[in-house]
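Encoded as structure tokens, the structure appears first; notes follow it.
The values are calculated or read from the model by the stated rules, or taken from the named source; none is laboratory data. Everything numeric here is computed off the predicted structure, so don't read it as measured data. Note that each Cβ is placed from the backbone with ideal geometry, even for glycine, and that neighbours are counted across all protein chains shown.
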């Protein structure tokens with residue numbers, strides 16, 4: 001067996017071992033209720049690329065065509081899904097601030113200040129969530145989905 005084949009087998013064994021550990025051991029205890037299902041979901045998210053949030057999963061009054069247009073603030077709701085962890089990509093044309101719930105963590109939000117043209121990917125878990133966008137510019141802000 002060549003060195004490359006030995007490395008490939010070792011990696012495969014480690015992945016299988018990690019999966020078994022994730023399924024057998026319960027999730028972290030504390031304020032939430034951990035379970036083997038939670039551990040399996042975390043492992044799945046580590047080894048697979050997350051899906052993108054679909055347009056049909058977004059709810060807001062700020063849509064104008066395929067972009068968000070708003071002055072002041074806009075609330076964007078991402079619907080719950082059975083797909084697990086998903087990504088929502090945004091790119092503002094003006095400076096904005098955003099606040100989004102951290103995936104799979106209760107009572108914790110992530111805040112970011114975005115410059116014009118800066119792209120961000122927001123992780124959204126299966127519960128969905130509410131994303132607050134605040135326009136820092138005078139007049140309207142436009143946020144695109146690249």
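Couple of notes before you dig in:
- Number of residues in the range 62-86 that are exposed (fewer than 15 other Cβ atoms within 10 Å of the Cβ) and farther than 26 Å from residue 49 by Cα equals 6.
- Check on residue 105, closer than 30 Å to residue 15 by Cα, within 14 Å of the chain's Cα centre (by Cα) and without any contact (Cβ under 8 Å) to a residue 12 or more places away in the chain: yes
So that you can scan it fast, the table gives a plain yes or no per residue for (1) closer than 14 Å to residue 130 by Cα; (2) within 19 Å of the chain's Cα centre (by Cα):
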| site | (1), (2) |
| --- | --- |
| 64 | no, no |
| 71 | no, no |
| 79 | yes, yes |
| 82 | no, yes |
| 88 | yes, yes |
| 95 | no, no |
| 98 | yes, yes |
| 101 | yes, yes |
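A quick yes/no check of all residues on (1) touching a residue at least 60 places away in the same chain (Cβ under 8 Å); (2) assigned by TED's automatic domain parsing to the domain that holds residue 16; (3) farther than 30 Å from residue 15 by Cα; (4) exposed (fewer than 13 other Cβ atoms within 10 Å of the Cβ):
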| residue | (1), (2), (3), (4) |
| --- | --- |
| 92 | no, no, yes, no |
| 95 | no, no, yes, no |
| 111 | no, no, yes, yes |
| 118 | no, no, yes, no |
| 123 | yes, no, no, no |
| 134 | yes, no, yes, no |
| 137 | no, no, yes, no |
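- Some residue of the range 39-46 being modelled with pLDDT under 80, surrounded by fewer than 18 Cβ atoms within 10 Å (Cβ to Cβ) and more than 15 Å from the chain's Cα centre (by Cα): yes
- All strands (runs of 3 or more DSSP E) inside the range 49-114 with 1 or more residues being touching a helix residue (DSSP H, G or I) at 6+ places or on another chain (Cβ under 9 Å): 73-78, 86-92
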